[in-house]
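Chemist: Below is a structure I'd like to ask you about.
FYI, it's all coordinate maths here, none of it is from the lab. Just so it is clear, the structure is predicted and the values come from calculations on it, not from any experiment. Ideal geometry is used to build each Cβ from the backbone, glycine not excepted, and the neighbour counts take in all protein chains shown.
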């Protein structure tokens, strides 16, 4: 007798066993069939809804939470909590409307982490991603939409944050070639994730701006961050630089001002370039020096990292800092050209001007234009230009 015949005979002679096996088979079939509609609904959800998740660690969380409260449908949203003396959206799920579209939200708290945090998941009944982007933008108060966040980082992490009003690139007076080069480089970088991945290159961007004090390096960084919608992470100490980079996102721009001074000079040959003191310099600064090297290499940094460092003395930086691979662009910002000085003059006085001119920094011209009339400024610039002309008084040799 075969195994199948034996099983058939046993089931036929034992109704209880047959019922048990039948129940088991029916349950298995129902379990499989139950997963089918779930998969169908999951596929429909992916096809019909646009989803976004915001964690309480994000600076946008409180704004989104408050924005949902204004747009939720009360009939479907019965979970409330007391906030600032009023009942508002609580934990749980609900529905709302925005820009003519229905959205559903779910607000939850996680206590599994060392520091508990909250999450809001919002799904819009549309395939149009721009609806979610507008929702996040409109959730920000007007003062936030017109400003950028500046977070300060010391040796032990973040030391606080503030907001700065956005600044237009048109209000920064550096030569147009410099501004165009930076805008084009950053624009290309933002969309070059795949380009870097295909070539096995870390997707990061490092820029050094160097030049005399007062040439507009800091103002230019402020305007670039405003133009691209970046938040600034301002590094005050090179100790902990790697940890600060690890917390960066694609919306952040790290700024290291006067990189040669906040660590005492990043040059293994010493600030004066003398190799005799190299051993002492390395002994004193090996920690920040090597931390900077490791942080800039890209192995310990998140994708999309962007940082701009400034210095008034490019020669004080060790060649290992500014070599290709760690730094992608080294850009000099010098005194203003005549064309840029004339644009600045017109911005201050509302008319064309400046005939004779010797190069000045933007800071010098700002002080002059803020304290003198247009005529006085033109006269002062002309006098300075004439006094800077060097006349060759060498005697002419008589013919042989």
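Chemist: Which parts of the stretch 313-343 would a label at residue 358 reach, counting a residue when its backbone N lies under 16 Å from a point 7 Å out along Cα-to-Cβ?
Modeler: Under 16 Å, as judged by backbone N against the label point of residue 358, lie 335-338 of the stretch 313-343.
Chemist: While we're here: How high is the FRET efficiency between residue 91 and residue 261 when r is their beta carbon distance and R₀ equals 56 Å, given to the nearest 0.05?
Modeler: Values: r = 49 Å, r/R0 = 0.87.
Rounded to the nearest 0.05, the efficiency is 0.70.
Chemist: Nearest 0.05, what FRET efficiency do residue 290 and residue 99 give at R0 = 56 Å with Cβ-Cβ as r?
Modeler: For residue 290 and residue 99, the calculated efficiency is 0.65.
Chemist: Among 307, 91, 369, which comes first, second and so on when ranked by fewest other beta-carbon atoms within 10 Å?
Modeler: By the 10 Å Cβ count, ascending: 91, 369, 307.
Chemist: To make sure I understand, if each residue's beta carbon is the centre and we count other beta carbons within 10 Å, what order do 107, 306, 70 fall in, fewest to most?
Modeler: Fewest-to-most ranking of 107, 306, 70: 70, 107, 306.
Chemist: Return the FRET efficiency for the residue pair residue 127, residue 184: r is the Cβ-Cβ distance, R0 is 35 Å, and the value is rounded to the nearest 0.05.
Modeler: Once the sixth-power term is evaluated, E becomes 0.60.
Chemist: How much length, in nm to one decimal, is gained on full extension between residue 314 and residue 158, taken as 0.36 nm per residue of separation minus their Cα-Cα distance?
Modeler: Taking residue 314 through residue 158 to full extension adds about 53.4 nm, to one decimal.
Chemist: Could you check the simple spin-label distance between residue 339 and residue 379, using points 7 Å along Cα→Cβ, in nm with one decimal?
Modeler: 3.1
Chemist: Also, I was wondering about something else. Cut-off is 10 Å between beta-carbons; in what order do 49, 188, 203 appear when sorted fewest neighbours first?
Modeler: On the way: 49 16, 188 11, 203 19.
With the fewest neighbours first, 49, 188, 203 line up as 188, 49, 203.
Chemist: Ratio of alpha-carbon Rg to the 2.2 N^0.38 Å globular estimate for the stretch 338-387, to two decimals, please.
Modeler: Computed over Cα atoms of the stretch 338-387, the ratio equals 0.97.
Chemist: Within the stretch 178-201, list the residues whose amide N lies under 14 Å from a label point set 7 Å along Cα→Cβ of residue 228.
Modeler: Correct set: 179-193.
Chemist: Continuing with the same structure: Quickly work out the residue 246-to-residue 218 label distance, labels modelled 7 Å from Cα along the C-beta direction, and quote it in nm with one decimal.
Modeler: Each label point is offset 7 Å from its Cα along the Cβ direction, giving 3.0 nm.
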